[in-house]
Amino acid sequence: MQCKETGKPIFVSGFGMQILVYYCATAYAPLNFIDDKGSTLDSLLSLDPNISNGIFLDSSTGDYYERDVKKGWVAMGNTGLHYSQSLEGGELVNSKRGLIRPRNDTSLHNILYINNNHEQITVIKKLYLQHWVVRDLPPEFKVYSRNTWDPHPVNIQSAGICLVRSNYRVLAESARGPQIAVHEDSVCVQFDVLPRYAESVVVLFGFLQKYMRDAYVSFALIGR
């Protein structure tokens, strides 16, 4: 997080995006979770009532709770992430070989198919089609994303989650949630950058090209 604190441009993928979302949600606060994988909210009823230390994580929403002696378990905030297997209804089709699209996408052009459980169809938001991060990409493309924790998709709503989501801009998303987001000078992608998924490399190349060009211009101005 030192790079974030000094304002340096950062490109992160996979777990790096999850760390950045967590940073936006909690300012990287050291939270001592009872179970790092979290559990369902119903599990609170079976916890030892004498527990006074530790924070309970609801894995399906990312909300976290701290025990108050008088009030019991009190919601304290949201991590910005959820355990993907605990979220139901995120995809239209969950088969080894089928079409996956975000819920609101009913278009039938340029149909893409997934070949394994880790592939996802990513769709660029129309508002950001000309953003420098994604302008060289097709509106829809396939990525490889092998993650167990995901940033929240738009169909999860709560006051805490909306606050977290307002801290970064989502440029593209899949049925499971955001796939490309920006925060200040940071670009983060949830998918792996792999040569066989050409669009993932385009995003990285665009980032390098922009900031190398900006650095060259700054160096040239200083040298005058």
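The values are calculated or read from the model by the stated rules, or taken from the named source; none is laboratory data. Worth saying up front: this structure is predicted, and the values here are computed from it rather than measured. Glycine gets a Cβ as well: all are built from the backbone with ideal geometry, and neighbour counts include every protein chain shown. Just the protein is used for accessible areas: all its heavy atoms, side chains included, with ligands, DNA and RNA removed. Shrake-Rupley method; radii C 1.70, N 1.55, O 1.52, S 1.80 Å.
Residues in segment 47-77 that are of a type outside the set (Gly, Ala, Ser), outside any strand (DSSP E or B) and surrounded by fewer than 18 Cβ atoms within 10 Å (Cβ to Cβ): Leu47, Asp48, Pro49, Asn50, Ile51, Asn53, Val69, Lys70, Lys71. Note on segment 157-172: residues that are modelled with pLDDT of 85 or more and open to solvent by less than 40 Å² (accessible area, probe 1.4 Å) amount to 3.
For segment 32-46, which positions are out of contact with any helix residue (DSSP H, G or I) (no Cβ under 8 Å at 6 or more places or on another chain) and open to solvent by 40 Å² or more (accessible area, probe 1.4 Å)? Matches in segment 32-46: Asn32, Ile34, Asp35, Asp36, Lys37, Leu41, Asp42, Leu45, Ser46.
Per-residue answers, yes or no, for (1) under 27 Å from Ser59 (Cα atoms); (2) modelled with pLDDT of 65 or more; (3) open to solvent by 30 Å² or more (accessible area, probe 1.4 Å); (4) not hydrophobic (A, V, I, L, M, F, W, C):
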residue: Thr79; (1), (2), (3), (4): yes, yes, no, yes
residue: Lys96; (1), (2), (3), (4): yes, no, yes, yes
residue: Leu127; (1), (2), (3), (4): no, yes, yes, no
residue: Val134; (1), (2), (3), (4): no, yes, no, no
residue: Leu137; (1), (2), (3), (4): no, yes, no, no
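Scanning segment 191-217 for residues that are in a loop (DSSP other than H, G, I, E, B), closer than 20 Å to Tyr113 by Cβ and open to solvent by less than 50 Å² (accessible area, probe 1.4 Å) yields Phe191, Asp192, Leu194, Tyr197.
Restricting attention to segment 109-125 and to residues that are surrounded by 15 or more Cβ atoms within 10 Å (Cβ to Cβ) and not charged (D, E, K, R), the residue that is farthest from Gly14 (Cα to Cα) turns out to be Leu112.
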